[in-house]
Amino acid sequence: MFDKILIANRGEIALRVIRACREMGIASVAVHSTADSDAMHVRMADESICIGPPAASASYLSIPGIMAACEISGAQAIHPGYGFLSENANFVQIVEDHGLTFIGPTAEHIRIMGDKITAKDTMRKLGVPCVPGSEGGVATLDEAQRIGDEIGYPVIIKATAGGGGKGMKVAQSAADLERAFQTARAEGKSNFGNDEVYIEKYLATPRHIEIQVFGDGRGGAVHLGERDCSLQRRHQKVFEEAPGPSISAEERARIGKVCADAIAKINYIGAGTIEFLYEHGEFYFIEMNTRLQVEHPVTEAIFGVDLVREQIRVAEGLPMSFGQDDLTINGHAIEVRINAERLPNFSPCPGRITQYHAPGGLGVRMDSALYDGYSIPPYYDSLIGKLIVHGRDRPEALARLHRALGELIVDGVDTTVPLFHALLQEPDIQSGNYNIHWLEHWLETNLADG
Ligand code: ADP
């Protein structure tokens, strides 16, 4: 059993992990940059260690810095949160080579899922439905043209090392293919040092549906249903809900079982998310994230489980505390991501918080590292809080979200809260009728600059 865990992260997710540790009677160690000396995660942890200057590359991404902090504090395990080093197979290897435990999957699983071609190939072989397209990488324009003709246009060219929406180009027709092919390759090369690309059919109006899975590392696995994260701006999720308004109990059971069986076969350990595009009743795998997701609280709300506690348990070698039959959905949950950004351009808006008041009451959870007088540093991402609401059904969750947003006070910086007030007035949001393009279109019409 662990008695001390180091958290290689900051912000709300570091708090999230510290809270789980405290409930389990495990001491927590925060690491921080010099820009975060006054941060909430530093205040809340049992111990803290400064690991470097503000730039993430020299602090939160510094493997030597984090390993030294483990050594100094005597932590036996590292929870990586999300982002930063959470999907860095090399880091996992180093942690294990030092006789410490990485709270997450193995380096091998991270490596497989981190390369999109290998991930898709692995998933296809495990029986997970994938988007029609090339089998593996496409080396030449000729080959790309042949596949384009075969699967039909539009197609999307994706860099195998891509991420965060970079290295993906849509070709509407054969005439457009050369441009898309060359641009995706160039972006792959310049952003990720790898120009390998592959081709998929471009789905016109899908929803983004992701399945939460959890494995014990010994062939046992469950699924915790889906989250609909279709409301995205520039491929960044802004509003997530569970269960998905368009998914039936039969579909959930079917795709959930496919996913749980797939990760069971590879002895996956810990939390994972299998992401799909969903169109006309069909699921198409796009990628697997081998970590806790930002939006995990909506799943926790409807299933009444603590996913971080569970991650720690299986990392300790304990069995999962629930089986598939113990997991039943209770009500509906919605999360909105509150960023320190100025509308309409979503430009980052760091600065000093002059007043902060978190909403409360039945079915309301605010995961945030803000406090009165805190200064948001300009060096990291702009997420300052996640507001999660839980109701008996979707209309109650929406009403609760409206009520909770009204209670929230964040003064001193601009935030994306007004966006959510506006979205809640939209009939399509009220009815759950949206796809992955809905928000971009809405923003163009309603929030156009100038
Ligand atoms: P990243 O790792 O950059 O997030 P993904 O493969 O997860 O890349 O794709 C990101 C987003 O791009 C998806 O959520 C979806 O909006 C869009 N996308 C990806 N593949 C397709 C496709 N075949 N058809 C339509 N849209 C796609």
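The values are calculated or read from the model by the stated rules, or taken from the named source; none is laboratory data. Treat the numbers as computed from the prediction; the structure is a model and nothing was measured. Here the Cβ is made from the backbone with ideal geometry for all residues, glycine too, and neighbour counts use every protein chain on show. To get the accessible areas, we keep the full protein, side chains included, count just its heavy atoms, and leave off ligands, DNA and RNA. Shrake-Rupley method; radii C 1.70, N 1.55, O 1.52, S 1.80 Å.
Things to note:
- Residue satisfying all of: in region 263-290; surrounded by fewer than 21 Cβ atoms within 10 Å (Cβ to Cβ) and within 11 Å of the chain's Cα centre (by Cα); nearest to the ligand (Cβ to nearest atom) among these: 275
- Matching residues in region 15-28 - criterion: being buried (at least 24 other Cβ atoms within 10 Å of the Cβ) and small (Gly, Ala, Ser): 28
- Of all residues in region 371-400 being of a type outside the set (Gly, Ala, Ser) and over 27 Å from residue 353 (Cβ atoms), the one that is most open to solvent (accessible area, probe 1.4 Å): 392
- Matching residues, region 81-134, being modelled with pLDDT under 95 and more than 16 Å from the ligand (Cβ to nearest atom): none
- The helices (runs of 4 or more DSSP H) found wholly in region 29-139 and carrying at least 2 residues that are open to solvent by 50 Å² or more (accessible area, probe 1.4 Å) and out of contact with any Phe, Trp or Tyr (no Cβ under 8 Å at 6 or more places or on another chain) occupy 63-73, 89-97, 107-114, 116-125.
- Within region 291-312, considering residues that are open to solvent by less than 10 Å² (accessible area, probe 1.4 Å) and of a type in the set (A, V, I, L, M, F, W, C), the one nearest to residue 81 (Cα to Cα): 292
- Any chance residue 448 is crowded, with 16+ Cβ neighbours inside 10 Å and among the aliphatic types (A, V, I, L, M): no
- Scanning region 418-445 for residues that are within 15 Å of the ligand (Cβ to nearest atom) and open to solvent by 80 Å² or more (accessible area, probe 1.4 Å) gives a single hit, 441.
- The number of residues in region 151-202 being hydroxyl-bearing (Ser, Thr, Tyr), within 10 Å of the ligand (Cβ to nearest atom) and open to solvent by less than 40 Å² (accessible area, probe 1.4 Å) comes to 0.
- Residue check for residue 272: in contact with a Pro (Cβ under 8 Å, 6 or more places away or on another chain) and closer than 21 Å to residue 386 by Cβ: yes
- Of the candidates 226, 240, the single residue that is in contact with a Leu (Cβ under 9 Å, 6 or more places away or on another chain), closer than 23 Å to residue 81 by Cα and not hydrophobic (A, V, I, L, M, F, W, C) is 240.
- Test: residue in region 274-291 that is more than 18 Å from residue 206 (Cβ to Cβ) and hydrophobic (A, V, I, L, M, F, W, C): no
- Some residue of region 241-249 being outside any helix (DSSP H, G or I) and of a type in the set (Val, Ile, Thr): yes
- Test: residue 298 is away from the ligand (no atom under 16 Å from the Cβ), in contact with a helix residue (DSSP H, G or I) (Cβ under 7 Å, 6 or more places away or on another chain) and within 30 Å of residue 339 (Cβ to Cβ): no
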